[in-house]
Amino acid sequence: HRVHLTGKEYQMLELLSLRKGTTLTKEMFLNHLYGGMDEPELKIIDVFICKLRKKLATAADGKHYIETVWGRGYVLRDPQEGVAVAAA
C-alpha cells in the first residue's frame with residue numbers, strides 16, 4: 001500500500017525509524033522538524049502523530065506501529081500479534 005505523507009509526517013516517521021525502539025520526546029521531534037527556528041507549541045507533535053498513526057494503520061490493515069510512552073513521548077515498534085487484553 002502507498003501512504004501519502006506531508007513533509008513533516010515523513011520527517012517524523014524518518015526520525016522514529018532511525019531510533020526504532022527508543023522513546024522520543026516531543027522536544028526531540030520539534031528540534032528535528034524545526035531546528036529551533038520558530039518552533040510551534042509541543043501540542044502540534046500530538047496532532048502530527050495522530051495523523052501519521054491513522055495513515056499507517058490504514059496502509060497496514062489496522063496495525064499500530066507508533067506507541068505512546070506516557071509522560072515521555074513516542075516510540076516506533078513492530079506491532080504485537082494477538083495481544084491479549086486482560087479481563088477486569
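Matching residues to (1) surrounded by 12 or more Cβ atoms within 10 Å (Cβ to Cβ); (2) in contact with a Gly (Cβ under 9 Å, 6 or more places away or on another chain); (3) of a type in the set (Gly, Ala, Ser):
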| position | (1), (2), (3) |
| --- | --- |
| Leu13 | yes, no, no |
| Leu16 | yes, no, no |
| Gly36 | no, no, yes |
| Lys43 | no, no, no |
| Ile49 | yes, no, no |
Inset, instruction - Tell me which residues, restricted to the stretch 10-38, are farther than 16 Å from Tyr65 by Cα, in contact (Cβ under 8 Å) with a residue 40 or more places away in the chain and of a type in the set (D, E, K, R). - result: Lys26
Inset, instruction - Output the residues belonging to the stretch 8-51 that are farther than 20 Å from Arg77 by Cα and either over 14 Å from the mean Cα position of the chain (by Cα) or part of a loop (DSSP other than H, G, I, E, B) (or both). - result: Asn31, Tyr34, Gly35, Gly36, Met37, Asp38, Glu39, Pro40, Glu41, Leu42
Legend entry - Selected residue (criterion: surrounded by the fewest Cβ atoms within 10 Å (Cβ to Cβ)) from residues of the stretch 60-83 that are modelled with pLDDT of 90 or more and over 12 Å from Lys26 (Cα atoms): Arg77
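The values are calculated or read from the model by the stated rules, or taken from the named source; none is laboratory data. None of the values given here were measured: they were computed from a predicted structure. FYI the Cβ positions are ideal-geometry reconstructions off the backbone, even for glycines, and counts take in every protein chain you see.
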